[in-house]
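Q: Sending over a structure as structure tokens; questions will come in a sec.
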Amino acid sequence: MGRTLATFTQLIAKEVSSWRAFRRALRREDQVYLDELFQSVKYHASAGSYASKATPFEAMVVAMLIESYKSNTLLEKRVALLEKNKQETNGPENPQRMDF
């Protein structure tokens, strides 16, 4: 007797396959980013298998958001550290204003 339900990894592969036409329509550099997003989903496959209320694609999007948020948070911390180091180097008598 075999499995009656597909594994989450199999659902990921099926979903990625369903996006092939969309991927082909993207510019080459954007195709790389889409591939990386789908790759990030695989890091959370075990959590996705427990998301019984969500559709597989919803669980995949949440996994992508987690990876994106994690990346943004790390970058924000690096920028804050660089700004702090720059202020310490310049000293309090010569502060540089950073307007963005």
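Q: For segment 17-49, which residues satisfy the criterion of being loosely packed, with under 11 Cβ neighbours inside 10 Å and either within 21 Å of residue 6 (Cβ to Cβ) or touching a residue at least 40 places away in the same chain (Cβ under 8 Å) (or both)?
A: 17, 18, 20, 46
Q: Kindly check whether there is at least one residue in segment 65-78 that is at pLDDT below 90 and loosely packed, with under 15 Cβ neighbours inside 10 Å.
A: To start, the set of residues in segment 65-78 that are at pLDDT below 90 comprises none.
There is no residue in segment 65-78 that is at pLDDT below 90 and loosely packed, with under 15 Cβ neighbours inside 10 Å.
Q: I would also like to ask the following. Filter segment 1-38 for residues that are hydrophobic (A, V, I, L, M, F, W, C) and not in a helix (DSSP H, G or I); which is farthest from residue 67 (Cα to Cα)?
A: Here is the first cut: in segment 1-38, the residues hydrophobic (A, V, I, L, M, F, W, C) are 1, 5-6, 8, 11-13, 16, 19, 21-22, 25-26, 32, 34, 37-38.
Adding the requirement that they be not in a helix (DSSP H, G or I) leaves 1, 5-6, 19, 26.
On the way: 1: 37, 5: 27, 6: 24, 19: 20, 26: 22 Å.
Restricting to residues being hydrophobic (A, V, I, L, M, F, W, C) and not in a helix (DSSP H, G or I), the top hit is 1.
The values are calculated or read from the model by the stated rules, or taken from the named source; none is laboratory data. Because the structure is predicted, anything quoted here is derived from the model rather than measured. Cβ sites come from the backbone with ideal geometry, for glycine too, and all protein chains shown count toward neighbours.
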